Amino acid sequence: MRPLSPGAIVDCHTHTRFSDGTGSFEENARAAAAAGCAVLVCTDHLTLPASMDPTGEVQVVEKDLPSHRAAFEAARVAHPELEMLCGFEADWYPGCEDAVRRWSSGAQVLLGSVHWLGEKDDGAWIDDTSDLRIWHELGPDEVWRRYVRAWCAACESPLAFDVMAHPDLPERMRPLGLAATIDLAPLWDEMATCAHDTGRRVELSTAALRKGVGDYYPARDLLERFRAAGVPIAVGSDAHRPEDVTDGVAAAYAHAWDAGYRTMEVPRADGGWDSVPLR
């Protein structure tokens, strides 16, 4: 395991076709190596209940975990120039804890996220652009309020989330005319306080730029709140295609620097986390 230089390219959030991505581990690894990536974290979705993913298309279903790990190991061995870590993105919802612990056993990195509002058998996706019922039924302001409550509950859960991914995911719907009309500052202050008090890292994600949001996840004002609260960041692309692996990561470092951050957190193959200078 080689030391990381300041500004080393690291991507802490990527997906393969085992969940809702399009590429294989090998294809993602080749793209990462070509981009000069030093550390690549593979984080397919898992532990979604049937109501959220009835056909098993969005996640690694439990029976596929052995083949998922075998495909990861084959790509890792084939790319010694790249430090590859096997992780998962686990969606939080009430009652998910036992499933997350069981399915993610042996993972080197665990991302926490909230895509679903409500109980596991009675809720709705908040970022599914083909199904906007919850947005029209509740309105953007109430979706935001409920999202922040769920996000803080995820932070406060006993699950060992290493990083909270794309913390202001409802911004995904802004380009569709579903922006909040309330002042989000109090909700963002609540998120920053909760992340600090629960000792969570948060993700600085470049995915929002590809979604047309016009900012990163988190938005600049929320990122600055996390920085003021002393919440560390990890950086990821949330790539669902090989061509998006490491996309925008170097620019994200400069963005984080401008927001007041001087270091980022990077998971390592030995199970630890390093604090690496952005420059």
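Would you work out what percent of the accessible area of the chain, with all protein chains in place, is carbon or sulfur (probe 1.4 Å)?
On the way: 5490 of 11140 Å².
So the carbon and sulfur contribution to the accessible surface is 49 percent.
Subtract the Cα-Cα distance of D215 and A250 from 0.36 nm times their separation in residues, and report this length gain in nm to one decimal.
Values: separation 35, 0.36 × 35 = 12.60 nm, distance 1.50 nm.
Length gained, D215 through A250: 11.1 nm.
Test of understanding: in a Gaussian network model of the chain with alpha carbons linked when under 10 Å, which of T181, T16, T198 would top the mean-square fluctuation ranking?
T181
Can you work out the accessible area per residue across segment 226-266, with the rest of the protein chains kept in place, probe 1.4 Å, in square angstrom?
Averaged over the residues of segment 226-266, the accessible area is 34 Å².
Would you rank H240, H15 by solvent-accessible area, highest first, keeping every protein chain in place and using a 1.4 Å probe? Working shown, then result.
On the way: H240 50, H15 0 Å².
I get H240, H15, largest accessible area first.
For segment 123-160 and segment 13-60, write down the distance between their C-alpha centroids in whole Å.
When both Cα centres are located, 23 Å separates them.
So how strong a dipole does the chain carry about its Cα centre when Lys and Arg Cβ are +1 and Asp and Glu Cβ are -1, to the nearest 20 debye?
Values: 26 positive and 45 negative charges, 131 e Å.
Dipole about the Cα centre, nearest 20: 620 debye.
Measuring from label point to label point, each 7 Å out along Cα→Cβ, what is the E119 to R69 span in nm?
Going by the 7 Å Cα→Cβ label model, 3.4 nm.
Quickly rank 17-30, 125-138 as a protection proxy: mean count of other C-beta atoms within 10 Å, highest first. Present the calculation step by step, with values, prior to reporting the outcome.
Values: 17-30: 20.6, 125-138: 14.6.
Top to bottom by mean Cβ count within 10 Å: 17-30, 125-138.
With a/c under 1.5 counting as rounded, go ahead and sort segment 1-156 into rounded, prolate or oblate using the C-alpha gyration tensor (a ≥ b ≥ c being the square roots of the eigenvalues; past the cut-off, prolate if a/b is larger than b/c, else oblate). Intermediate results must be reported in sequence, preceding the final value.
Working: a/c = 2.12, a/b = 1.77, b/c = 1.20.
Verdict is prolate for segment 1-156.
What accessible area per residue comes out for segment 5-63, rounded to a whole number of Å², with a 1.4 Å probe? Before the final figure, lay out the partial values.
Values: 2020 Å² over 59 residues.
On a per-residue basis, segment 5-63 sits at 34 Å².
Note the listed values (1) 20.2, 67; (2) 17.5, 52; (3) 17.7, 58, then indicate which one is Rg and Dmax of the Cα atoms in Å calculated from this particular structure.
(2)
If you take the square roots of the eigenvalues of the alpha-carbon gyration tensor of segment 135-271 and sort them as a ≥ b ≥ c, do you get rounded (a/c under 1.5), prolate (a/b over b/c) or oblate? Mind showing how you got there, number by number?
Values: a/c = 1.57, a/b = 1.20, b/c = 1.31.
Since a/c reaches 1.5 but b/c is at least a/b, the shape of segment 135-271 is classed as oblate.
In square angstrom, what is the accessible area per residue of segment 66-139 with a 1.4 angstrom probe?
45
Can you give the extra length, in nm with one decimal, that the chain gains between W257 and R17 once fully stretched, where that is 0.36 nm per residue apart less the Cα-Cα distance? Show your work: numbers first, answer last.
Numbers: separation 240, 0.36 × 240 = 86.40 nm, distance 3.33 nm.
Gain on extension, W257 to R17, equals 83.1 nm.
The values are calculated or read from the model by the stated rules, or taken from the named source; none is laboratory data. Values in this document were obtained by computation on a predicted structure and should not be read as measured data. A quick note on method: Cβ atoms are made from the backbone with ideal geometry, for glycine too, and the neighbour counts reach across all protein chains shown. Heads up: the accessible areas ignore ligands, DNA and RNA and are worked out on the full protein's heavy atoms, side chains in. Shrake-Rupley method; radii C 1.70, N 1.55, O 1.52, S 1.80 Å.
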